[in-house]
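See structure below.
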Amino acid sequence: MSEETANKQEIPEQLSDILLVLDKEKMKIQAVKNIDENGKMETVEPTKKNQNQFMRVDKSGDLFSNFFSNFFSQLKNPTNFSFFKVPAPLAVEKAEQMQMQVDKPTPEGEKIMKEHEIKTENQNKMEKAQTTPEASEYRYKPEQIDWDTMNNLGLSKEYLEKRNLLEPLLKGYKTNELIAVSVNFGTAILRTDVRLSLQTTEDGRVVPALNGIRKEPNLNFEFFGHKFTDEDKKNLLKKGNMGRVVDLKNSKTGEMMPSIISVDRLTNELVALRTEFIKIPDEIKGVKLDDAQKQTLMEGKPLSLEGMISTKGTEFSATVQFNADKRYVEFLFDRSNTNQQKQNNGQNNQQNQAQEAPKTFRGKELTDEQHKDFKNGQTIYIDGLMDKKGQPYQGYITFNQENAKTNFEFPNQYKERIKPTEAHKTQTAVNSEGKTNEATKKINEPLKSGQQTPKNKQQQEQQEKPKNPAKSKGVKR
């Protein structure tokens, strides 16, 4: 029997911890098995069948500190790795949670990583010498990104920074808004809106991941082994959340994962979240939740709450439910009937229009006045647009309220299609052709765009001022 095996048997499982490691190049969580005489670390997949190969360490603070300091000093290229100490009975479970955080970072996952991360004084000094505190907060660095691909999509670094989208991308999150992208296939150009994120390819490149908009959630096929019932479909389409916990099958490991399912309301994609990552607050809008209420939300079910206090200090009641995409408890709204009810009641209010009409077009932000006209269906002029070669251009945009699409026309296209309005005819005739308009003929200044009447009190006085009678020339005698 080897000394290593003997040590493993001497430490009871309940008194031992497992050493997990994150390889920063491969971005993969593994369980430490051993370290050889050359300082090379041996690892295994953190699965149940490999549990007997996991390196076990004593939980005692002093003993572990001495052990890890010695272990770390022997390791070759130590700054390539991050280490975590987890209880032996929870090793597999914690490894899965950490890998999920590596693949798709969340604030909850970040807490788990920090809770179990271990460092020695030497390790802190080495890492501080190689990375700044700011850089350590991010999963990616700007220089790692394939900017050629990003630029081909119309997503330059400057554009992302201007819209405050680069930082969340570097931290590993999806954008919380839709972004317009343009893909040139040579013989065709595709323009669409997507939720953007970053991902690492097998060869180590950091490339954009585009989550496009679907017409509706795909509920007619199995989702990680789950077949949707009629009730599931109804809940997802109506509320955006399925409303119950189901077992989903991990396609790589075959493991069954208790999860809840919701719809990404920006793209109509289905999003799953394992129940172990559900975090229920103790209080919602002033209402303290009891254990039964928390359990209801943990199970993905809707919960009616009364006596909540709004930010304006008024009391209200509502139904809440945990959303797998947002990863928090949300207030529920009926997604299937909202638009129809507004049409029936004639309530196409500004809030609904603002949600449908974008505030930006191809990276150019509209002014408040432009956006007001734009969302009301008026055609507005927009300049300062940039093509893929960095050349500026301009044109006219109109928002189609029926299909929520934005139509664009270049100036020459627009002028050929649009006939001058009566106001424009009046303005042109008075200012350029020397003609008069009865309502403005006494005004001593050019008319403004679309002007047919006096624009202010001064012009009104000019218009109403009686004209001096012509002096009689008389007759010379």
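Overview of results
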quantity	calculated
Criterion violated by Ser197 - all others in (1) part of a loop (DSSP other than H, G, I, E, B); (2) in the same structural domain as Asp148 (by TED's automatic domain parsing) satisfied	(1)
Residue within segment 200-219 that is exposed (fewer than 12 other Cβ atoms within 10 Å of the Cβ), modelled with pLDDT under 85 and among the hydroxyl-bearing types (Ser, Thr, Tyr) present	yes
Selected residue (only one of Leu305, Leu332, Leu297 is surrounded by 13 or more Cβ atoms within 10 Å (Cβ to Cβ), at pLDDT below 90 and hydrophobic (A, V, I, L, M, F, W, C))	Leu332
Residue match in segment 391-398 (condition: loosely packed, with under 12 Cβ neighbours inside 10 Å, more than 24 Å from the chain's Cα centre (by Cα) and either in contact (Cβ under 8 Å) with a residue 12 or more places away in the chain or part of a strand (DSSP E or B) (or both))	yes
Residue pairs meeting the criteria (Cβ under 7 Å; at least 6 apart or on separate chains; first under 14 Å from Val271 (Cβ atoms), in segment 219-235; second in a helix (DSSP H, G or I))	Leu219/Lys233; Leu219/Leu236
Flag if Lys76 is out of contact with any helix residue (DSSP H, G or I) (no Cβ under 8 Å at 6 or more places or on another chain) and modelled with pLDDT of 70 or more	no
Those strands (runs of 3 or more DSSP E) lying entirely in segment 201-265 with at least 2 residues outside the structural domain of Asn152 (by TED's automatic domain parsing) and within 23 Å of Met298 (Cα to Cα)	246-249, 256-263
Verdict on Asn50 being part of a helix (DSSP H, G or I), within 41 Å of the chain's Cα centre (by Cα) and modelled with pLDDT of 80 or more	yes
Lone unmet requirement of (1) assigned to a loop (DSSP other than H, G, I, E, B); (2) aromatic (Phe, Trp, Tyr); (3) in contact (Cβ under 8 Å) with a residue 40 or more places away in the chain for Tyr159	(1)
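The values are calculated or read from the model by the stated rules, or taken from the named source; none is laboratory data. None of the values given here were measured: they were computed from a predicted structure. For neighbour counting, all protein chains shown are included, and Cβ atoms are generated from backbone atoms with ideal geometry for every residue, glycine included.
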